Amino acid sequence: MTTEFFDSAPRVFPPGARYAALYADGDFKQPHPPGIPNVRWITVDGGAAAAAYAGIIDFERGNPAYLGAALGDYAGARIRAGHKARVYCNRSDVHPAFAQVDHMDVWWWIATLDNSPHWTPKLIVASVRAMTGITLPVDRIWGVQWGTNSRYDTSYLFAEW
């Protein structure tokens, strides 16, 4: 059985959602919604300070986390503190993300946003390799964000929440 989880900038989740990735900072900062018992926090700011409160960094154009060394600083601080560093990015942004964290033991949450639920860790690794030439470790694919609509995005979890 695959665990689904959701993220939503408008703070709308499907009925019965049990897992959600929520924004801890930035324009979409949100409180923990009632009724969703399992949450992970996302930083769009990045950097070492965000490592203290967010288990996921949103590495995409337009976010402060995309600039400079914000990703590497975040991941390094998370790992030094004994926590997982989860990198969310689109397949096309794996190359600049990998440049900052290729020497670190990070977990990957890869966005396809193609509304096709067929993705597995092996397929993600193959797709990223075909697009970027980079081979991510299949055992470090934390999730895939495949579904999108106007209210929320849907992801599959492939590792421990």
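Read-outs: derived from the displayed coordinates by stated rules, not from any lab. Note that the structure is predicted; figures quoted are calculated from it, not measured. Here the Cβ is made from the backbone with ideal geometry for all residues, glycine too, and neighbour counts use every protein chain on show.
Annotations
- Antiparallel DSSP beta bridges within the stretch 1-70, percent to nearest 5: 0 percent
- Order of TRP146, TRP108, TRP41 - criterion: other Cβ atoms within 10 Å of each residue's Cβ, fewest first: TRP41, TRP146, TRP108
- For the stretch 1-31, backbone nitrogen atoms closer than 18 Å to the point 7 Å from SER150 Cα along Cα-to-C-beta are found at 8-15.
- Calculated SAXS-style log₁₀ I(q)/I(0) at q = 0.21 Å⁻¹ - the chain, Debye, Cα scatterers: -1.53
- Amide N of the stretch 142-157 lying under 18 Å from the label point, which is placed 7 angstrom from the Cα of MET104 along Cα→Cβ: 142-143
- Zone residues, the stretch 124-144, relative to ARG61, backbone N less than 18 Å from point 7 Å out along Cα-to-Cβ: 131-132
- Sparse-neighbour loop sites [trypsin sites (Lys or Arg not before Pro); the stretch 56-161; at most 12 other C-beta within 10 Å; DSSP]: ARG61
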